[in-house]
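Okay, so here's the structure we're looking at.
The values are calculated or read from the model by the stated rules, or taken from the named source; none is laboratory data. Bear in mind the structure is a predicted one, so any value in this text is a computation, not a measurement. Neighbour counts run over all protein chains shown; Cβ positions are idealised from the backbone, glycine included.
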Amino acid sequence: MALGKRAYWLAGAAAIAMTSGAQAAVSNSTDMGATTVAAQPSGNLQLAQADMPRSTSTSMGDLENRIRALEDQQDRVQNDRTRLSTLEQSYASAAWTFDNGRPVFSSGDGRFTMAVRMRFQTDFAGYNQNQSDVHGTGFSGPTDLSTGVAMRRAYFGVEGKVYNDFAYEFRLNAGGSDGGSFGAAGVPTGGEGDPLLNKAVVSYTGFPNMHINVGVIEPAFMFEGTTSSASLMFIERPEIDNIAADSFGAGDSRRGAEVGWAKSDALWVGDNLAATFTFSGGKTGSAQNHGTNSGLALPGNGDENSQILGRVSQRLWTNGLSNISVGVSGAQILYSGSNGNPNGGSQTVRFRDRPQVRVDGARLIDTGAINAKTANMFAVDMGGNYENFFLGGEYAQFEVDRQCAGLPAAACPTATNVIDHPHFSGWYLEGSWIITGETKAYTTSALNNEAGGFQAPVASRPFSFSGDSWGAWELVARYSDTNLNWRKGQLATTTQLAGINGGDERVLAIGLNWYLNRNVRVMLQDNIVTVHKGTAALPGRDSQDLNVLAVRLQFAN
């Protein structure tokens, strides 16, 4: 309040106090008769107050304190009104921002956000094959893989949050394996294709350190599976990770629900404990293994393939830039699906993959359809970076509960009896050196599949001719061995089924990655591939060597 106004208050209060005091004096003189007038030596009159009672009027100091309190109260009311008005205005307002090239739309109070996400990866691959065919005749493997270009991924979507405790992500994919995607009718428009609906998930984040994802999800699973496809060191993940994701329900576009938990300093300072558990079904966009006989009154029909899977990882040590982590993953196929068999569906499990490039759709290793209702797997991994050096690896093993259909009744009373347990395994070791000195970031927590994983480096000096900077450069190398053979020399008898000759594929991949900036990168990769495959009678018949030179151009925000 202004000084002049305060002065008016004080003057008014003083006048009231003086009037009240005079009235009290007259009253005391009239009614009580206790006040006398005494002559003073100076000739002035003075009221004798020896018997006068104490004045009940408020002192000037008390009045000033009360006025000050009223002023403070008025100031607080005005401030509250100002804050309320500001909140009301900001609630209705909205703002566009750009987070490293990602447009973000947010409400004024920050409780609602929407970010536009884009990612495309264009791959070129040239194949140079040499058929070994150690037996000279009968080679049945692919002889002319297709050199060409494919749109590996073409994502467009949005993500954000609503009311703070809920998050969402919706993503379409116009690209895919072999360069195509499933159309509206669920039919691949280019080779195998990927589902058009790639992701549609709602997340609840109201519990501390936890999230719950429901919808079309991409589960966090295995070591390379916790690295975003935009951050991969190589053009494709190793075969063992791809096979596990596709067969055990962890790949893109899975219908399901996931619970994730992650906490830093959970057991000791510097650690990061993360765990995810998922129940998943089939992929979107396709009726495969989706219970196509659900309208028939037959036992076992209508059940979709279903899996449970999980991963636990722990960062053992960090100094802020460097990290060491370990992890374990496991999965169980609860039911391999119904696909037209009147006794409950096809009930088959199949393991297969390409030689770490997907421009051509041919799988050089493939177990074929194994008659099995259930299967399980486990994997262990370890990885770490020391400043700009990285080293990681993983081992995985699959086991299938093969059913005895096809054997005589004496050995197979019912077609669903489990007769043996074929198992397969694979491993890889990979490393990188970021020549320009950047480091890989370790993701401690995330709503997607990146918790507990290593991501791509960010160029400290983005490419620019005018700025005399060349982005970040990374040398990478990986050796992988995936063995899909099981007792490949075993012939079928009246009491046993034949062995499985899926093939043993070994790939040495060497590459150079150029990160022009946070959004654009170019990858050059050479895969030296050796395949050992054949039949029970001719175990090496379809073996071959090939070389694949691949290039990827990527944009991701």
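Scanning the stretch 488-508 for residues that are within 16 Å of PHE424 (Cα to Cα) and in contact with a strand residue (DSSP E or B) (Cβ under 7 Å, 6 or more places away or on another chain) yields a count of 9. Can you find, within the stretch 450-484, the residue that is surrounded by the most Cβ atoms within 10 Å (Cβ to Cβ) among those that are touching a residue at least 40 places away in the same chain (Cβ under 8 Å) and hydroxyl-bearing (Ser, Thr, Tyr)? In this case the residue turns out to be THR482. For the stretch 196-226, a tally of residues being not aromatic (Phe, Trp, Tyr) and not in a strand (DSSP E or B) returns 12. Evaluate the following for SER329: is it closer than 21 Å to ALA446 by Cα, modelled with pLDDT of 80 or more and surrounded by 22 or more Cβ atoms within 10 Å (Cβ to Cβ)? Yes.
Could you check, for the stretch 105-115, whether at least one of its residues is modelled with pLDDT under 95, assigned by TED's automatic domain parsing to the domain that holds GLY175, surrounded by fewer than 16 Cβ atoms within 10 Å (Cβ to Cβ) and part of a strand (DSSP E or B)? Looking for residues that are modelled with pLDDT under 95, assigned by TED's automatic domain parsing to the domain that holds GLY175, surrounded by fewer than 16 Cβ atoms within 10 Å (Cβ to Cβ) and part of a strand (DSSP E or B), one finds at least one in the stretch 105-115, hence yes.
Filtered by the rule that a residue be buried (at least 19 other Cβ atoms within 10 Å of the Cβ) and more than 21 Å from LEU549 (Cβ to Cβ), the stretch 500-517 gives ILE500, ASN501, GLY502, GLY503, ASP504. In the stretch 177-210, the residue that is surrounded by the most Cβ atoms within 10 Å (Cβ to Cβ) out of those that are modelled with pLDDT under 65 and in contact with a strand residue (DSSP E or B) (Cβ under 8 Å, 6 or more places away or on another chain) is SER181. Flag: LEU447 matches the condition of being part of a loop (DSSP other than H, G, I, E, B), farther than 30 Å from ILE419 by Cα and in contact (Cβ under 8 Å) with a residue 12 or more places away in the chain.
If you go through the stretch 368-417 and keep only what is among the aliphatic types (A, V, I, L, M), at pLDDT 95 or above and either surrounded by fewer than 19 Cβ atoms within 10 Å (Cβ to Cβ) or part of a loop (DSSP other than H, G, I, E, B) (or both), you end up with VAL380, MET382, LEU391.
Among the residues of the stretch 535-549, are any buried (at least 16 other Cβ atoms within 10 Å of the Cβ) and closer than 18 Å to GLU430 by Cβ? Yes; the residues of the stretch 535-549 include at least one that is buried (at least 16 other Cβ atoms within 10 Å of the Cβ) and closer than 18 Å to GLU430 by Cβ. May I ask you to verify whether SER432 is in contact (Cβ under 8 Å) with a residue 40 or more places away in the chain, of a type outside the set (Phe, Trp, Tyr) and either part of a loop (DSSP other than H, G, I, E, B) or within 26 Å of ALA379 (Cα to Cα) (or both)? Spelling it out, SER432 is indeed in contact (Cβ under 8 Å) with a residue 40 or more places away in the chain, of a type outside the set (Phe, Trp, Tyr) and either part of a loop (DSSP other than H, G, I, E, B) or within 26 Å of ALA379 (Cα to Cα) (or both). Of all residues in the stretch 434-446 being within 30 Å of LEU508 (Cβ to Cβ) and surrounded by 15 or more Cβ atoms within 10 Å (Cβ to Cβ), which is farthest from the chain's Cα centre (by Cα)? Filtering first and then ranking leaves THR436.
If you go through the stretch 533-551 and pick out every residue that is part of a strand (DSSP E or B) and either touching a Phe, Trp or Tyr at 6+ places or on another chain (Cβ under 9 Å) or without any contact (Cβ under 8 Å) to a residue 40 or more places away in the chain (or both), you end up with 7.
Scanning the stretch 339-367 for residues that are at pLDDT 90 or above, part of a loop (DSSP other than H, G, I, E, B) and not β-branched (Val, Ile, Thr) yields a count of 10.
Taken over the stretch 227-253, residues that are in contact with a helix residue (DSSP H, G or I) (Cβ under 9 Å, 6 or more places away or on another chain) and under 19 Å from GLN347 (Cα atoms) amount to 3. Of the listed requirements (1) modelled with pLDDT of 95 or more; (2) assigned to a loop (DSSP other than H, G, I, E, B); (3) of a type outside the set (Asp, Glu), ALA287 misses just one: (1).
Filtering GLY431, GLY499 for residues that are in contact with a Phe, Trp or Tyr (Cβ under 8 Å, 6 or more places away or on another chain), in the same structural domain as LEU273 (by TED's automatic domain parsing), on the phi < 0 side of the Ramachandran plot and at pLDDT below 95 leaves a single hit, GLY499. Do we have any residue at all in the stretch 84-96 that's at pLDDT 90 or above and either part of a strand (DSSP E or B) or within 22 Å of ASN213 (Cβ to Cβ) (or both)? No, the stretch 84-96 has no match at all. Close contacts from the stretch 391-416, counting a first residue that is polar (S, T, N, Q) and a second that is surrounded by 20 or more Cβ atoms within 10 Å (Cβ to Cβ) and assigned to a loop (DSSP other than H, G, I, E, B), with Cβ to Cβ under 9 Å and a gap of 6+ residues or different chains, come to GLN403/GLN347; THR414/CYS404; THR416/GLY344; THR416/GLN347; THR416/CYS404.
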